[in-house]
Each structure stands twice: as structure tokens, then as C-alpha cells.
Amino acid sequence: MALPPRLRRSFFARSVHDVAPDLIGATLLVDGVGGTVVEVEAYHHTDPAAHSYIGRTERNAVMFGPPGSLYVYRSYGIHWCLNFVCEEEGSASAVLVRALEPTQGLAAMRRRRGLTEARDLCSGPGKLCEALGVTIAHNGLPLDKPPFELRARTEEPAIVTGPRIGITKAVDHPWRYGLKGSKFLSKPFRPSS
């Protein structure tokens, strides 16, 4: 069976609000370790919760670069988080990858995380970076070249949306996307009222 097509930089050169849901069901591997994307969040440059909202800084400079680059930052001074830069160069919009369903390289992930339960390996942005071995050394690298392998999803998934997690600004934007029914999400989606 042929592998699904790789996601090229052109995939990311679109609205962050189109890219984010289109990533659900895609495959993300770093040096052959990873799995299926099950949860992401969109951050647009006009969004007060986006790192780029305050303008270009040394920390967020990669967000202003070409689409299809990896933006890595440290959260709370503890965890690395990985984001895919989207839209045209200079837009400074990105998609935060929040959770994966681990499918490849589970032994490496278990060793890196010190855990055995598959559900706990990549169910949060910091956890998945630790499991995949992503650090600041990956910041700015192109997503269409090794060590990354990004492949399109093979079928249209059922996607749920809701407010983003762990932010204090623009908290009501429904810019969190997840694979409906996945047990690998970082947190369940609240039922819509």
C-alpha cells in the first residue's frame, strides 16, 4: 500500500484556520518516532494569545518566517512546545500541536517519557515534545525535510472544536480542534450547549 503524500510547505501557506483542522488525522514523525495528530490549536497574528501579537522578538522570530517551519518555545520554563508556522511569510501565525496518538517508535517514546501507558506518551504539548525528542535545536527547521516526516491524512475524520487551553487572552475563540472520540487528547472537549 502506498504511503499518503507528504505535506509540503505549500500546505502551510494558507490560513491558520484552514491548516489547523486539516492537520487532524495527519501523521507526524521526528526521526521515525511519532503518530497521528489528534489535537491542535490555531494562533493568528491578530490574536492576543499568539506569541506574535506583540510584534517580532528574538523568541518568536521564527513565526515571521516562511510557512512550513517549526516554531519551538518553552512553556512555563519547563516544557518544549512545537508549532507549525502558517500563512505567508511575515504573517506570524502558527498551529500548536497539542496531542498525538502514538503509532511509531513507542519504545523510544516510553524511554524518553519514563512511562509505559501509550495514552500518556503524547497527550499534551510538552509530553509530545519530550516523547518525540523535540527541543529548541529544532526551532526554525523546515517541516518538509528530515528529521521530520509529515504525511496527509488518508480519510476525512470527525473533528470537534472548542476553546483553547491554558491561555488567559481570547479564551472564547473556538480554535482548538480534535479528533472526535480520541482517547489520546490532552483534555476532553466540553459538550456544546
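The values are calculated or read from the model by the stated rules, or taken from the named source; none is laboratory data. All of these numbers come straight from a predicted model, not from anything done at the bench. Positions of Cβ are generated from backbone atoms using ideal geometry, with glycine treated the same way; all protein chains shown enter the neighbour counts.
Results for (1) farther than 17 Å from His17 by Cβ; (2) hydrophobic (A, V, I, L, M, F, W, C); (3) in contact with a helix residue (DSSP H, G or I) (Cβ under 6 Å, 6 or more places away or on another chain), shown as yes or no for each residue.
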| site | (1), (2), (3) |
| --- | --- |
| Ala92 | no, yes, yes |
| Ala108 | yes, yes, no |
| Ser123 | yes, no, no |
| Pro147 | yes, no, no |
| Leu150 | yes, yes, no |
| Arg190 | yes, no, no |
Quiz item: For Ala49, which of the numbered conditions (1) hydrophobic (A, V, I, L, M, F, W, C); (2) modelled with pLDDT of 95 or more; (3) part of a loop (DSSP other than H, G, I, E, B) fails to hold?
Solution: (2)
Practice problem: Filter the range 36-71 for residues that are surrounded by fewer than 19 Cβ atoms within 10 Å (Cβ to Cβ), of a type in the set (A, V, I, L, M) and touching a Phe, Trp or Tyr at 6+ places or on another chain (Cβ under 8 Å) and give the result. | Solution: Ala49
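Pick out, from the range 92-193, the strands (runs of 3 or more DSSP E) lying fully within it that include 3 or more residues that are more than 18 Å from Gly32 (Cα to Cα) and of a type in the set (A, V, I, L, M).
Per the criteria, 93-104.
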Quiz item: Among all residue pairs at least 6 apart or on different chains, which show Cβ distances below 8 Å where the first residue, located in the range 118-138, is charged (D, E, K, R) and the second is crowded, with 20+ Cβ neighbours inside 10 Å and assigned to a helix (DSSP H, G or I)?
Solution: Asp120/Lys127
Quiz prompt | Boolean, His138 is surrounded by 15 or more Cβ atoms within 10 Å (Cβ to Cβ) and modelled with pLDDT of 95 or more | solution = yes
